[in-house]
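Working notes for the structure below.
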Amino acid sequence: LALSMPEVSEDGLTYTIRIKQGVEFTDNPAFPDGKGRELTADDFVYSLKRHFDKHNRSQGAWLWQGRIVGLDEWKTEGSDYASEVEGLRALDRYSIQIKLKKPYPQLTHTLAQGYSAIVPREAVEYYGREFSVRPVGSGPFRLSLIDSVKAVLLPNPKFRQEPIDLAAEGYDEAVHGKYNIKQIEGKSPPLLDRLEVHFIKESLSRWNSFTKDDEIEFSGIPKELTDEVLAQKQPEILLKADYAARYHMANMIESGFVHSDFNMRDPEIGYNPDPERNQMNKALRCAIRFAYNWEERNRTMYTDLGVIFPGIIPPVTPEFDPQGSTASLEHNPQKGKDLLEQAGWTAEKLPVIDYGGVASVTTRQMFEQFRGWMSKIGYPKDKITFNSFATFGDFNKAVKQAKIKFVGMGWGLDYPDAENTLQLFYGPNGSPGSNNANFDNPEYNELYRKTAVMQPSAERTRLYRRMNDIVLDECVTISGLSRRRIMLWHKSVVSFPDRQIVGGFHFKYVDKLDD
C-alpha cells in the first residue's frame, strides 16, 4: 500500500509513509449502501491502535510495545479512539507519521506483517467478534466462505490495476525460470477466478488428494513417504523421475528453528538462591545437553533433511556464523555422566523432569527418544515424565505460566533479522512473554538493549554472536535445527510458494497455465 519505502529522519526516530491513492476496501454490508470506501491514512492509525485497545486481546502488540511515542499511554488512559497519539498520526489523507521513543531498525519489517493489516473501523464494529471470519480488506481477493473444511476466495473486482513487474518482485531466471512464472509478467492481479484453501490436517490425506491430480494442487511430502518420493537428499534434493515429470518442486531451509529450553524460573533446574545448588543446576543442564543426540533426532524425526547448528541464530539470518563453535552440539553421554558425578548429583538427588507437549504420536516418540538418551547419563527413567496436553493452546498456557521444566518449541522468523530470535532470551520477555526459558542474564540483557537500536553492521553482528555464546555457555537451551521445507505443486499452476518468513503469502501471484 505504500508508494515507496518510509522516509526516515537522520536520528532514526521519525518515519513518514506515503500511501497510494484510490485504493478501496471491498464492497461489504458494513459500509453505507454496501459500497467500500477509499482506504486512507486514518485507517492505518486506527488499525495499529486496535492492538493497544484495552478491550482487545491482541497477539501483535509486542511488535510496537514501548516503542511508539504515546501509544502505551493511550491504552492506559482508556483507549479512546478520538484521542490523538503523538507518535501515530495521519498528517493528511495519504501520509502517515510514526515517532519512536528510540531507534527501532526492525520497524519497517513489522509493517509488512499480518499484524499491520489495514482494516476499516466500520467493519470491525459491524461484525464485532465475527470480524475474524468476516474480514474486510483491500487485497486482490475477498473471502467468500470459511468453515472447518475450507476457505473460498473470490476476486476483488475493485482491486487496483498494477501490472506485475517481475524484476521488482525479485525474479531470478536461475531460480524461477523453470516454473513458467514469466507468464504473469505485465498481468494485473487477481489472476484467478476462484481460489480454494482446503484444511486437511493429516499429511497422508493431503498427499492422497494432491496425487489424484484433480483435487488440491499444493502439498508437502509426508514424512513417511520421503524415501519413496525423493531420489536424492544430499547434496541436492531431487524428486524421483515419475514425480518430477508431474510436479514442480521448491525446497528451502526454514526461517526459524526447533529448540528445547530449560525453565530457568524453576529452582530445581534453573536459578536457585543457593549458590552451590545454582552451580549444580548448571552442571545438570549441561549434562542433559551432552545426552541430546541431534543427529539421531534429525534422522528419525526430520528424515535427515534438517540443518543442525549451534545456538539461537539460525542459518538463514545474515548474522549466522558458519565458522562458530559446534561444541554445544556434542553428543557424549559419558561426559554427561561424569559431569553429573563431579557436581555431586546422584540418582536419588536428581529432580523429576516433566517433558511437556501436545498429546500426539510424534510428541510421544520424541519424549521416549529423549528419555532413552537420558538413561545413558544415568538418569532414572521414572524421573523423566511426559506432561501431555490436549491442545497446543493448553500446552502454551502452561508454558506461559512457567509450569514446565523442559520445553520443546519451534520459532518462525517474523522478519529477516536475528534480533527476532535473540529476543526469545531477553530477561524482560520472560513468561508470559516470548522468553519461555525465563533466562535473565545481566550481560545478555544489556547487549540486547544496546543492539536493539543499532542498524545492521559488523559491530552489531559481533554483539549478536556474543549473545549467542552467552546462552550456550549457560546451557539454557538445547539448539538447534532448522527444518527443510519441500513444496510440490502441479505443473499446470504458475507459482513460487516462498515460505521463508512467517506468512509467506503468494496467493496474489498464483495463476494457471494458458491453454
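Laboratory data are not the source of any read-out in this text; all were calculated from the coordinates shown. The shown structure was predicted, so the numbers you read here are calculated from the model rather than taken from an experiment. All Cβ positions, even for glycine, are placed from backbone atoms using ideal geometry, and neighbour counts span all protein chains on display.
Computed over all pairs of different Cα atoms, the Kirkwood value for the hydrodynamic radius of the range 79-126 is 13.0 Å. Mind running the shape call on the range 284-410? Use the C-alpha gyration tensor, a ≥ b ≥ c as the square roots of the eigenvalues: rounded below 1.5 for a/c, prolate if a/b tops b/c, oblate otherwise. Since a/c reaches 1.5 but b/c is at least a/b, the shape of the range 284-410 is classed as oblate. Straight-line cross-link partners of LYS233 among the aspartates and glutamates, defined as a Cα under 19 Å from its Cα and at least 8 positions apart when in the same chain: GLU224, ASP242, GLU254, GLU295, GLU296, ASP304. Entry note, the range 1-144: relative contact order of 28 percent, from Cα contacts under 8 Å with a spacing of 6+ residues.
Set the Förster distance to 35 Å, then compute FRET efficiency between SER360 and LEU3 from the Cβ-Cβ distance, nearest 0.05. E between SER360 and LEU3, to the nearest 0.05, is 0.15.
Relative to the compact-globule estimate of 2.2 N^0.38 Å, the Cα radius of gyration of the range 2-66 comes out at 1.41. For Rg and Dmax of the Cα atoms in Å, one of [x] 25.8, 100; [y] 25.1, 77; [z] 23.3, 86 was computed from the structure I shared and the rest are decoys. Which label? Computed from the coordinates, Rg and Dmax of the Cα atoms in Å corresponds to [y]. Across the range 118-125, rounded Karplus estimates of 3J(HN,Hα) from the backbone phi angles (6.51 cos²θ - 1.76 cosθ + 1.60, θ = phi - 60°) give 8, 10, x, 4, 4, 6, 4, 6 Hz, Gly and Pro being marked x.
Note that the range 1-127 carries a Kirkwood radius of 15.2 Å, evaluated over its alpha carbons pair by pair. Among the GluC sites (Glu not before Pro) in the range 233-320, those located in a DSSP loop and surrounded by at most 16 other Cβ atoms within 10 Å of their own Cβ are GLU236, GLU268. In the chain, helices alone account for a calculated mean residue ellipticity at 222 nm of -7500 deg cm²/dmol, with every DSSP H run of four or more residues adding -39,500 (n - 2.57).
Projecting the Cα atoms of THR391, ALA418, PRO456 onto the charge dipole of the range 390-515 (Cβ charges, centred on the Cα centre) puts THR391 farthest toward the positive pole. When the Cα gyration tensor is reduced to axis lengths a ≥ b ≥ c, the ratio a/c is 1.5 or higher for the range 151-240, and with a/b not above b/c it is classed as oblate.
For THR211 and SER188, the FRET efficiency from 1/(1 + (r/R0)^6), where r spans their Cβ atoms and R0 equals 35 Å, is about 0.60.
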